[in-house]
Amino acid sequence: MEQTVSKIEELLEKPCYVIDFLPEQVKPSSRGQFFDVECYLLNSDKHFLLKDKFVNIIIKLMCYYHVSIQLDDWIDRPSLQILEDAINTIMNNHSGWLNILLPDETVLVVFEWDNLNLTVYNPSKEIQALMQKIACSEGLFWRKSDMI
């Protein structure tokens, strides 16, 4: 367990990409209404549409790679129902996150209730290419994160 926590901390320092509903990050100087949109999407029934897209992305990823998820403890190769229930609980509680680890690839995918994206840490070129296709299949965008 301690080794896995150490691995997660290490991965959080690696380059990251996002699967987002927007094609690029909104600039601080933007005169748009991003925060109104974000609040609406997270607090209206629209959040179910986003939740379904994120679940679908993770399910598609599970078709290609070995997956473990972190709830209270790590669950190796979780059932699809456990995965969906975990994300439903996070969304309904408006609190929490889910770490999705691809242990054979040393890749971490993070789902957080208050983000309108999935964050992917340390993806290889192969995984980047696949994730871009998967994001597109759900009407979302794949891009390098602007986080520093």
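The values are calculated or read from the model by the stated rules, or taken from the named source; none is laboratory data. These numbers were taken from a predicted model, which means no experiment stands behind them. All Cβ positions, glycine included, derive from the backbone under ideal geometry; neighbour counts span all protein chains shown.
If I filter segment 137-147 down to residues being over 16 Å from Ile59 (Cβ atoms) and of a type outside the set (Lys, Arg), which single residue comes out as surrounded by the most Cβ atoms within 10 Å (Cβ to Cβ)?
Filtering segment 137-147 for residues that are over 16 Å from Ile59 (Cβ atoms) and of a type outside the set (Lys, Arg), the one surrounded by the most Cβ atoms within 10 Å (Cβ to Cβ) comes out as Trp142.
Considering only segment 126-139, I want to know if a residue exists there that is touching a Pro at 6+ places or on another chain (Cβ under 8 Å) and either within 22 Å of Ala86 (Cα to Cα) or without any contact (Cβ under 8 Å) to a residue 40 or more places away in the chain (or both).
Yes, that holds for at least one residue.
Scan (1) under 17 Å from Glu138 (Cβ atoms); (2) among the β-branched types (Val, Ile, Thr); (3) touching a Lys or Arg at 6+ places or on another chain (Cβ under 9 Å); (4) in contact (Cβ under 8 Å) with a residue 40 or more places away in the chain for the single condition Ile58 breaks and write down its number.
Only one criterion in (1) under 17 Å from Glu138 (Cβ atoms); (2) among the β-branched types (Val, Ile, Thr); (3) touching a Lys or Arg at 6+ places or on another chain (Cβ under 9 Å); (4) in contact (Cβ under 8 Å) with a residue 40 or more places away in the chain is unmet by Ile58, namely (3).
Out of Ile19, Ile90, Ile8, I need the residue that is of a type outside the set (Phe, Trp, Tyr), modelled with pLDDT of 85 or more, in contact with a strand residue (DSSP E or B) (Cβ under 8 Å, 6 or more places away or on another chain) and under 24 Å from Leu130 (Cα atoms). Which one?
Exactly one of Ile19, Ile90, Ile8 is of a type outside the set (Phe, Trp, Tyr), modelled with pLDDT of 85 or more, in contact with a strand residue (DSSP E or B) (Cβ under 8 Å, 6 or more places away or on another chain) and under 24 Å from Leu130 (Cα atoms), namely Ile19.
Could you go through segment 91-106 and let me know if any residue there is buried (at least 19 other Cβ atoms within 10 Å of the Cβ), out of contact with any His (no Cβ under 9 Å at 6 or more places or on another chain) and not in a strand (DSSP E or B).
For segment 91-106, residues buried (at least 19 other Cβ atoms within 10 Å of the Cβ), out of contact with any His (no Cβ under 9 Å at 6 or more places or on another chain) and not in a strand (DSSP E or B): absent.
Quick check on my filter: what residues within segment 57-83 are more than 14 Å from Leu101 (Cβ to Cβ) and surrounded by fewer than 18 Cβ atoms within 10 Å (Cβ to Cβ)?
Ile59, Lys60, Cys63, Tyr64, Asp72, Ser79, Leu80, Gln81, Ile82 - these are the residues of segment 57-83 that are more than 14 Å from Leu101 (Cβ to Cβ) and surrounded by fewer than 18 Cβ atoms within 10 Å (Cβ to Cβ).
Could you identify the single residue in Lys27, Lys53 that is within 27 Å of Cys136 (Cβ to Cβ) and within 16 Å of the chain's Cα centre (by Cα)?
The unique qualifying residue is Lys53.
Anything in segment 119-148 that is assigned to a loop (DSSP other than H, G, I, E, B) and either at pLDDT 95 or above or under 16 Å from Glu105 (Cβ atoms) (or both)? List them, or say none.
Residues satisfying the conditions are Asn122, Pro123, Ser124, Glu138, Gly139, Leu140.
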